[in-house]
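Take a look at the structure below.
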Amino acid sequence: MKTARRPDELEQIRNRILDAAVEIIINQGFDALTMRKLASRIGMTAPNIYNYFANKDELYITIVIMGFERLRESLEQAYCQSDDPVVRARCMMDSYMKFGRENSAYYEIMFIRTTPKYRDYIGTPYEKLSEIEYRISMEIARLAMNALSDLVGGDNALTQETVLKNMVRVWSTLHGMISLFNSDMIEYVVPSAEKVYSQVIDDLVKLLADAR
């Protein structure tokens, strides 16, 4: 008679499934992800995989939720490090860069790969689960906009359009830097990528702060 697996064993298996799914999406694309291929990769049977995830959509959405949860936690910690708008903004930009570089596979799935998004799941059985991803991503966006409003606006109220424009400016810069770092392309262009990154962020923060 088989004994029931301990909770920690179940969690380890679940994490193995998630890690293998991330590898397949990164190496072969979302469409290549199947429960049969996943089971073969980690030495399980396909029916056993279904004990942990109903299908590839539930599995994929879980991966994205995990990524956004990690990013939110990182940015919240950075936000709380200082009441000074300049220091806070710099900490958050550093935190975003660190997340993108240390969690490159998750970052690629979240922001680069052509994968399903929340709108794709509206009206499907997985709309509620995908709403969790959407809610967390919007919390991250609001946190970023609050930090930028304090940095750029100071005591002056900013229009929503101005806040969004500045957020896109910062996001585009950081996203581009992360993409260059993760592809190793930047090493072919500059001798000290870390130094250039720091200078770019310093210039960006100063540009925004001087706009008050």
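We did not get these values from a lab; they are worked out from the coordinates using the rules stated. The shown structure was predicted, so the numbers you read here are calculated from the model rather than taken from an experiment. Neighbour counts are summed over all protein chains in view; Cβ atoms, including those assigned to glycine, are modelled from backbone coordinates with ideal geometry.
Dividing the helix sum by the residues of the chain, where each DSSP H run of 4 or more adds -39500 (n - 2.57), gives a mean residue ellipticity at 222 nm of -24500 deg cm²/dmol. Between LYS206 and ARG119, the distance separating the two model label sites (each 7 Å from Cα on the Cα→Cβ line) works out to 3.9 nm. How high is the relative contact order of the range 54-209, in percent, with contacts defined as C-alpha pairs under 8 Å that are six or more residues apart? Once normalised by length, the contact order is 29 percent. How would the range 161-204 be classified by its alpha-carbon gyration tensor: rounded, prolate or oblate, with rounded meaning a/c under 1.5 and the a/b versus b/c comparison settling the rest? Here the range 161-204 falls in the oblate category. Model label sites at ARG6 and ARG72, defined 7 Å from Cα along the beta-carbon direction, differ in position by 3.1 nm. Here the gap between THR162 and TYR52, fully extended at 0.36 nm per residue and compared with their Cα-Cα distance, gives a gain of 35.1 nm. Taking only alpha carbon atoms, the chain gives an Rg to Rh ratio of 1.04, where Rh is the Kirkwood radius.
Placing pseudo-labels 7 Å out from each Cα toward the beta carbon at GLU127 and SER183 gives an inter-label distance of 3.7 nm. For the range 147-212, the relative contact order is 50 percent, taking Cα pairs closer than 8 Å that sit 6 or more residues apart in sequence and dividing their mean separation by the residue count. Projecting the Cα atoms of LEU18, TYR134, CYS91 onto the charge dipole of the chain, computed from C-beta unit charges around the Cα centre, puts LEU18 farthest toward the positive end.
Which helices pass in the chain if a helix is a full DSSP H run, must span at least 20 angstrom along its long axis by Cα, and must have mean Kyte-Doolittle hydropathy not below -1.0? If you can, show how the numbers build up before the last one.
Numbers: long enough: 7-28 (31 Å, -0.19); 56-79 (34 Å, -0.12); 85-102 (25 Å, -0.41); 127-153 (37 Å, 0.15); 160-183 (34 Å, 0.18); 193-209 (24 Å, 0.48).
Helices meeting the span and hydropathy rule in the chain are 7-28, 56-79, 85-102, 127-153, 160-183, 193-209.
The spacing between the range 8-30 and the range 109-143, judged by their C-alpha centroids, is 19 Å. Restricting attention to the chain, lysine pairs at least eight places apart or on different chains and with alpha-carbon atoms under 18 angstrom apart total 7.
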